[in-house]
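Data block below; observations after.
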Amino acid sequence: MSLTVFAMTGASLVGLGIYGLLALPQLLRRIISFNLIGSGLFLFLGAAGARGEAVDAVPQALIITGIVVALAASALAVGLVVALARRSGLVVLPDEANPR
Amino acid sequence: MNAALPVLILLSSLVPAGVTFFLAQDSHTLRNTLNLGGAVVKLGLIIWMLFAVAGGASYEASLPLAPGLVMLLRVDALALLFISLSATLWFLTTIYAIAYFGTKAELSRFFGFFSLCVAATTGLALSGSLISFFIFFELLTLSTWPLVAHKQDKPSLSAARVYLAYALPGSAALLWAIIWLESATGPVLFTEPPDLSALDPGALRGIFALFIIGVGVKAALVPLHGWLPADMAAPAPVSALLHAVAVVKAGAFGVVRVIYDVFGASNVAALGVGEPLAILASVTIVWGSVRALQQDEIKKRLAFSTVSQVSYIVLGAALASPLAMIGGLVHLIHQGLMKITMFFCAGIYDERAGVRKITELNGMGARMPWTSVCFSLGAMGMIGLPPLAGFVSKFYLGLGGLEAGAPWVLGVLVASTLLNAAYFLPLLYRLWFLPAAEDARGDERAPALVVPAVVTATAALGVGLLAASPISPLGWATLIVAREYGP
Amino acid sequence: MTALVIVLALPLAGALAVIALPVRAAVPVALSATALTALSALVLAASVWQGGPVTLMVGGWQPPLGIALQADGLAAALIVMSALVVGAVAMAAWFEMAAARAGPRAAFGFWPLMLLLWGALNAVYVSRDLFNLYVGLELLSLAAVALVAISGTAQALVAALRYMIFALAGSLLYLAGVVLVYAGHGTLDIGLLSARSPAPGDALALGLMTAGLLAKTALFPFHVWLPPAHASAPAPASALLSALVPKASFLILIRLWFEAMPELASTAALLMLAGLGAIAVIWGGVLALVQSRLKLIVAYSTVAQLGYMFLVFPLAGGDGSAQPWAAGAWTGAMFQALSHGLAKAAMFLVAGICIAAVGSDRLGDLRGLARALPMTGFAFALAAITLMGLPPSGGFTAKYLLMTSAFAAGQWPWALVLAGGGLLAAAYLYRPLAALFTRDARLPVHPVARAWQGVPLALAALAVLLGLLSAAPFDLLQIGRPEPAVEGL
């Protein structure tokens, strides 16, 4: 029962994240959306690991690693967003138009 | 030794090529020694091999690449015919080119690619498998591009672009044909034609057509000939090499290989593709001559003449009767000698007298007698006046046409001869019978330019006069046909 | 075994050391770490060549609990290719910074990022665990994004962020697939997965992972981030990004579709992958044809060249894997990965030299440059030969093997893609080549050291040698290949 709750919460987080990614152009919000999706996936993974009698330790190790990776990615992304905002004042990406 | 000799022959031009690239622009002596030395070594090795092969030796060297991709160098009689021609003419052209360029710029690049081009031609001649033929064929395309573009001005670069625009689709067609064929037969070696029974006749005709497109671009078959006249922007030694030895001959040689070693004469006859090819060759012969008539630049006229003459070889191969085959093969040598003579001379007229247009040739016979005699010999040979080289070729082609049951070939030959006369005789008339212009200049104080022309002209005369001798190209071609492709 | 540990650990240790040590030690430390790692890569390949795949169970734990690392022939070949490319890039970067054209920030940031990227690449090549692959891939993407941004201009930052969005989306899709696989099977080890009993979520998991990896490999239609990203980075960084980074995600695709879950490869899916590859070949080529900057031409050419590799799926995957031509097709695609890596790195390094010499990479400004820099012009021409797939070069061997397999499999339309793509490559590479080789130089040329010019020339020559001496790499690639190698066709 509680496992289903975890899995459903995970799935909702992923859904929220995808919505944010598609609907919100601001770079910072997109980064948060990525984090939401990631957290949802980790939650789902944790739920998947807790199905049997004994709790499987592997997903927990994976989740911790994943959180570290996500943190690093978010840090770099935020750094880039800040740099871009300082340099050109942009908080969204300019149109896909010609890169030149 | 039997594996080493073909490799050494290849290296004799590959090594000078590799080293020359890294020589400083002004190390003329070293560069010239290297290139002439390579040419002499190659000639020596080939002569050695000729005697050894006459004594029954056979040579083969292979380098396996990925499965199915075997580089195989193998010496057969046809290969020997072609490398003897290319080695001799390379040697002479090297002498000529050294004198022609003197101390101009970018010579290390030029001679590097020049040698690479010869290495590719050598590899092409010695190729014992279809895929090694293709690899050298492409190497030839790539190494001639910088030669055509050598002057790096607009006309040269555009000529070079046109050249690639024809050559690369041609090579795509060739590769397509090779892979299509080999996917059904396995790797094709030139020792004996592969078993074609796995493919239906329709597919085989398609493959044959792709092969002819692939090699036909280099052989300048109409309508794939457009690059050849455009390439006249190249320096004279390049034209000489492209038109007499390397590129067009590689194409013609490829046609011979495709018909006799890839498909086999009997299959070509059974598929009924020989006759259309012979007709295409005839069209090329006549069309090239007609276009030659319209040119007023000497080199352009010679270029269209090449378009026409190379198709004699294709015609001979396509008719596939023994006598026509002999005529075609012997023309491989004869046309090479005659055409290189004429390009050497055209270069001398340009260099020593500033003459490029036909109208400017007036009276040059008296000013530049050696050059003009050579030029005239080449022209008369092309027309086919007995006993010059071209007559022998045409005689055998005509007999071969009758033998193959295609008497219309005689008509093509007569028409072509008349056209040859129509576009070459006015040149000779101007050379010898019209007075020179008042401001005309011109001298022959450049023995290194004139001597190669004299040598090739003499050879063109000699191969006609001595055609009956067994060591003449004719004797040799007869031997090849009798031994390798005889019934 | 030691060599395997060194190629994984030394780049990472080197990256840390470069950051921790004083600035003047950065270059010597980075260069010596590069040299030692490259040496170990060769030693590793030699031991794979002699003794078969080298396996390492991290910490002595066996899967499913532990993580297996294994260098098979394919991994070894990619490790050696990467070592050659990184070695060349390091030298070129050293020359470029000595010429002081990069800002101090770029000069400092480049070395640790290069080493980090390299370590991540090697980790992806040898990992046999899907989650470990995720970590490696993520590290790789982060290093790559940072390299794109290194110059700090607004344009570079935009390109980097756009790249990052694609990369993160790709990572998350891949991660979602990994989670599903774990939920279904309780293991992420490729070897154990290949022997698993099928679970209902497998197809969805494979689809998610594949979609994520396609975004990272920049396969059409996920390619839009690649050209601006690769063209914005400094040339040595672009060389790494274009030559190596897409190969990592492609390798994971190969591991998934050929080793972990080969039975899920339906014909339709395989055809779709190759179809996208074919579109990439044509579309990338067409876009390369209309660019006016050398780096953009080379970057769009990457989009096209990556497309060829996807032809492997219908030719060697699924039911085809047992066919005699599968070995040829599979090896052909890997040859394409190797030769494209070498040639593409050479091209970007050439672009770097051009920028150092005339301060621009617009085609009009490059006119006549080959006269002042003949070795550079020649290097570009040699690399172009490989990309066009003309003999004798690694690109030709790749194309030949793929074409032969296409005919043998009766799927000749793929051969048409290969032939047409080659002609298209000739067309778009001819423009820079012709510009380099005209006579009328437009801009004054700063002198460029001959040794610097020699670096791309050496890479391009290696790409050609890969074709001339293709027998040994062919055999190396067969070591540890899932399907037994079937000789010849």
message = Between B:P426, B:P470, which is more than 18 Å from the chain's Cα centre (by Cα) and within 18 Å of B:H334 (Cβ to Cβ)?
response = B:P470
key: Residues of region B:411-427 satisfying the condition of being open to solvent by less than 70 Å² (accessible area, probe 1.4 Å) and not β-branched (V, I, T)   = B:G411, B:L413, B:A415, B:S416, B:L419, B:N420, B:A421, B:A422, B:Y423, B:F424, B:P426, B:L427
key: Which listed residue, of B:P146, B:P201, is out of contact with any strand residue (DSSP E or B) (no Cβ under 8 Å at 6 or more places or on another chain) and either within 14 Å of chain C (Cβ to nearest Cβ) or modelled with pLDDT under 90 (or both)   = B:P146
query = On the given criteria, is C:L188 among the hydrophobic types (A, V, I, L, M, F, W, C) and in contact with a strand residue (DSSP E or B) (Cβ under 6 Å, 6 or more places away or on another chain)?
reply = yes
ask   = Tell me, which residue of region B:271-295 that is more than 17 Å from B:A406 (Cβ to Cβ) and either modelled with pLDDT under 90 or of a type in the set (S, T, N, Q) (or both) is most open to solvent (accessible area, probe 1.4 Å)?
value = B:Q294
message = Between C:R439, C:R431, which is in a loop (DSSP other than H, G, I, E, B), crowded, with 16+ Cβ neighbours inside 10 Å and of a type in the set (D, E, K, R)?
response = C:R439
inquiry  = Within region C:267-290, does at least one residue satisfy the condition of being within 15 Å of the chain's Cα centre (by Cα) and either among the aliphatic types (A, V, I, L, M) or assigned to a helix (DSSP H, G or I) (or both)?
reply    = no
ask   = Here are A:F34, A:F42: which of them is at pLDDT 90 or above and touching a Pro at 6+ places or on another chain (Cβ under 9 Å)?
value = A:F42
Boolean, A:A75 is more than 8 Å from every other protein chain (Cβ to nearest Cβ) and not β-branched (V, I, T) = yes
ask   = Restricting attention to region C:152-187, which residues are more than 8 Å from chain A (Cβ to nearest Cβ) and not hydroxyl-bearing (S, T, Y)?
value = C:A156, C:F166, C:A167, C:G170, C:L173, C:G177, C:V178, C:L180, C:V181, C:G184, C:H185
task = State all residues of region A:35-52 that are more than 7 Å from chain C (Cβ to nearest Cβ) and touching a residue at least 12 places away in the same chain (Cβ under 8 Å); if no residue qualifies, say none.
result = A:N35, A:L36, A:S39, A:G40, A:F42, A:L43, A:G46, A:A47, A:A50, A:R51
note = Residues in region C:379-411 that are free of Cβ contacts under 8 Å to residues at least 24 places away in the same chain and out of contact with any helix residue (DSSP H, G or I) (no Cβ under 6 Å at 6 or more places or on another chain) total 1
query = Restricting attention to region A:53-66, does a residue exist that is open to solvent by 70 Å² or more (accessible area, probe 1.4 Å) and at the interface with chain C (Cβ under 10 Å from one of its Cβ atoms)?
reply = no
Of all residues in region C:442-457 being open to solvent by 40 Å² or more (accessible area, probe 1.4 Å) and in a helix (DSSP H, G or I), the one that is farthest from the other protein chains (Cβ to nearest Cβ) = C:A451
task = Name the single residue, out of those in region A:78-97 being at pLDDT below 90 and within 9 Å of chain C (Cβ to nearest Cβ), that is farthest from C:V178 (Cα to Cα).
result = A:S88
message = Quick check on C:A461: is it modelled with pLDDT of 95 or more and surrounded by fewer than 21 Cβ atoms within 10 Å (Cβ to Cβ)?
response = yes
key: Inter-residue pairs, beta-carbon under 9 Å, first at the interface with chain C (Cβ under 8 Å from one of its Cβ atoms) and among the aromatic types (F, W, Y) and in region B:150-174, second surrounded by fewer than 19 Cβ atoms within 10 Å (Cβ to Cβ) and not in a helix (DSSP H, G or I), 6+ apart   = none
ask   = If you go through region C:51-65 one residue at a time, do you hit one that is under 29 Å from C:I254 (Cα atoms), aromatic (F, W, Y) and in a helix (DSSP H, G or I)?
value = no
message = Looking only at residues that are under 12 Å from the mean Cα position of the chain (by Cα) and closer than 11 Å to C:K344 by Cα in region C:292-305, which one is nearest to the other protein chains (Cβ to nearest Cβ)?
response = C:T302
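Do we have B:K104 as facing chain C (nearest Cβ under 9 Å), over 20 Å from B:L14 (Cα atoms) and among the charged types (D, E, K, R) here?
In short, no.
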inquiry  = Suppose we filter region A:16-33 for residues that are away from chain C (no Cβ under 12 Å) and open to solvent by less than 40 Å² (accessible area, probe 1.4 Å); how many remain?
reply    = 1
task = Quick one: B:G44 ticks every box in (1) farther than 21 Å from C:M375 by Cα; (2) in contact with a Ser or Thr (Cβ under 6 Å, 6 or more places away or on another chain) except a single one, so which number is it?
result = (2)
query = Only one residue in C:A26, C:A71, C:A45, C:A30 is of a type outside the set (K, R), open to solvent by less than 20 Å² (accessible area, probe 1.4 Å) and modelled with pLDDT under 90, so which one is that?
reply = C:A26
task = Identify all residues within region C:134-151 that are at the interface with another protein chain (Cβ under 7 Å from one of its Cβ atoms) and among the small types (G, A, S); write none if there are none.
result = C:A146, C:A149
message = For a quick check of your reading: which helices (runs of 4 or more DSSP H) sit entirely within region B:384-487 and have at least 3 residues that are of a type in the set (G, A, S) and at pLDDT 90 or above?
response = B:389-403, B:408-433, B:447-465
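The values are calculated or read from the model by the stated rules, or taken from the named source; none is laboratory data. Please read these numbers as outputs of a predicted model, since none were measured by experiment. Neighbour counts are summed over all protein chains in view; Cβ atoms, including those assigned to glycine, are modelled from backbone coordinates with ideal geometry. Only protein heavy atoms, including side chains, enter the accessible area calculation; ligands, DNA and RNA are left aside. Shrake-Rupley method; radii C 1.70, N 1.55, O 1.52, S 1.80 Å.
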